[in-house]
Amino acid sequence: MFTDKLRTAMNKQLNNEFYSAYLYLSMSSYAGSIGLKGAANWFYVQYQEEMVHCMKFFAFINSRGVNVELGQVAAPPSKFKSLLDMFQKTLKHEEGITASINDLTDLALSEKDHATHIFLQWFVTEQVEEEENDRDIIGKLKLIGDNGQGLLQLDTELAARVFVPPPANTAAA
Ligand code: FEO
């Protein structure tokens, strides 16, 4: 059974995913505004992935016969110190998301809601990949330091990231 406690927590996570999308859209804009078009692309793809996460929660909550309650989405920061600052903030944010997914997974188990527990497994795995990507890029940025050539080379790498849309009708998968 999809309890009220779980419904409220899942709705909150849907809102967290919207904030994630908003944050990365803001970072995409800022990166573009300082001439880092590759980083702008990377964050735009991240924004698109977060919207997929939102819609997975939306479809799953709806599939349980429950109305989704859309809450207010907070405004993200619009300025950043550097690309390193953006990726450090991204990692910190994703660590928070990982903690909230873990809490949700614990709650699904304690409420004996196995369908929700299975649904959340995809997110548990996704968070490992997201944090790993951020750590890799932070590592490269630390090595690059003040080297403009290195930064431009990394920006070219970030330009290669492509959004892969999920197959149709699998939003709740
Ligand atoms: Fe939806 Fe970046 O976690």
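The values are calculated or read from the model by the stated rules, or taken from the named source; none is laboratory data. What you are looking at is a predicted structure, and each value in this text was computed from that prediction instead of being measured. Please note: Cβ atoms are built from the backbone with ideal geometry, for glycine as well, and neighbour counts cover all protein chains shown.
Out of the residues in the range 82-103 that are under 17 Å from residue 20 (Cα atoms) and either more than 16 Å from the ligand (Cβ to nearest atom) or of a type in the set (A, V, I, L, M, F, W, C) (or both), which is surrounded by the fewest Cβ atoms within 10 Å (Cβ to Cβ)?
99
Check whether at least one residue in the range 108-118 is modelled with pLDDT of 95 or more, in contact with a helix residue (DSSP H, G or I) (Cβ under 6 Å, 6 or more places away or on another chain) and of a type in the set (Gly, Ala, Ser), and report yes or no.
Yes, the range 108-118 contains a residue that is modelled with pLDDT of 95 or more, in contact with a helix residue (DSSP H, G or I) (Cβ under 6 Å, 6 or more places away or on another chain) and of a type in the set (Gly, Ala, Ser).
Need the failing condition index for residue 155 against (1) assigned to a helix (DSSP H, G or I); (2) crowded, with 16+ Cβ neighbours inside 10 Å; (3) under 16 Å from the mean Cα position of the chain (by Cα); (4) not polar (S, T, N, Q), just the number.
(3)
Can you pull out every residue in the range 1-59 that is within 16 Å of the ligand (Cβ to nearest atom), buried (at least 17 other Cβ atoms within 10 Å of the Cβ) and among the basic types (Lys, Arg)?
The one that is within 16 Å of the ligand (Cβ to nearest atom), buried (at least 17 other Cβ atoms within 10 Å of the Cβ) and among the basic types (Lys, Arg): 56.
Any residue at all in the range 71-80 that is surrounded by 13 or more Cβ atoms within 10 Å (Cβ to Cβ), aromatic (Phe, Trp, Tyr) and not in a helix (DSSP H, G or I)?
yes
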